[in-house]
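Following: one structure in C-alpha cells, then a few remarks.
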C-alpha cells in the first residue's frame with residue numbers, strides 16, 4: 001500500500017478529511033521549501049502537493065504563475081525539487097509528497113539523466129527521493145498507462161485532474177489508471193479564478209463516484225475555513241494552493257513558515273469540526 005493510500009485509510013478510520021496544501025517549490029525563497037513543508041505538517045496537513053516550476057504553466061493562474069517565475073529565477077528545477085524532498089524526508093518519513101507539474105520538465109529530466117535499461121530516470125529518482133505521487137497536468141490518461149505502471153512499480157501513485165466539464169467517458173478512463181486520489185477542479189479556468197460554488201461541487205461528486213473508487217479531493221477556489229469546511233463535508237480531501245501562495249509571498253523569511261502553519265491550523269480545525 002502506498003503512503004498516500006495508507007494516509008487516506010487512516011483518516012477514513014478516524015472519520016476525518018485530508019488537508020492537502022499546494023506550494024510552489026522554491027517560493028518565496030529558494031531554500032525555504034523543506035522548512036515550509038514541515039510547518040504545514042505541524043499545522044495539520046496530511047499530504048503536500050509540491051509544484052514543480054515551469055515556464056509555460058497552462059493550468060495555473062497569475063498567483064501561482066508568478067510564484068513559479070520567481071522560483072525559476074532562483075534556478076529551481078526538477079533536480080532541486082527532488083533535493084528538497086530528500087531534505088524533508090530526513091525527518092519526516094510518513095507524510096505523502098505529490099509533485100504537481102507539467103510534462104516538459106519530466107521528459108527533459110529523462111533526457112538528461114537517462115541510464116541504459118531504466119525506462120524513466122525521473123521515476124527512479126523521484127522514488128529514491130521519497131516522492132509518493134505525481135500529477136502531470138498535461139498527461140491524458142489514454143497516453144500514460146506505461147508511465148502509471150512504472151510509478152506503481154516504484155510505490156508511487158499517478159493522480160489525475162477532473163473538471164466540471166469531464167465526461168463519463170473521461171472519468172472511466174481516469175478510473176482505470178489513477179491511484180492515490182483524484183483531484184476534482186471545482187472551477188472552469190485556471191487556479192485562483194472565480195468563486196467556488198459549493199452546491200455545484202456537492203452535485204458533481206456523486207457522479208464522479210459512480211466511476212472513481214479512490215478518494216476524491218477538491219481544489220480551486222478554496223480560500224478560507226468556511227469554504228474548506230463546506231467542501232470537506234462532501235469530499236475526501238480539500239486542496240488549497242493560491243491562497244497559501246498569496247499569504248506567504250510578501251513575508252520575510254522568518255515569517256513564512258509560521259504564517260503557513262497558522263493558516264493550516266485554522267483550516268484543520270474547520271475540517272475536523274465538519275467531520276465531527
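We did not get these values from a lab; they are worked out from the coordinates using the rules stated. Predicted model only: the values in this text are computed from it and were never measured. Cβ atoms come from the backbone with ideal geometry, glycine included; neighbour counts cover every protein chain shown.
A few remarks follow.
- Relative contact order of the chain: 24 percent, from C-alpha pairs under 8 Å at least 6 residues apart in sequence.
- Sorted largest first, extent of region 3-275 alpha carbons per principal axis (Å): 50, 46, 34
- The chain: calculated mean residue ellipticity at 222 nm from DSSP helix runs of at least 4, using -39500 (n - 2.57): -15000 deg cm²/dmol
- Least to most buried among 143, 128 (fewest other Cβ within 10 Å first): 143, 128
- Put the Cα centre of region 205-271 next to the Cα centre of region 114-147 and the gap is 26 Å.
- Classification of region 134-276 by its C-alpha gyration tensor yields a prolate form. The axis ratio a/c (a ≥ b ≥ c) is 1.5 or more, and a/b outweighs b/c.
- Rounded if a/c under 1.5, otherwise prolate or oblate - region 96-139, Cα gyration tensor axes: oblate
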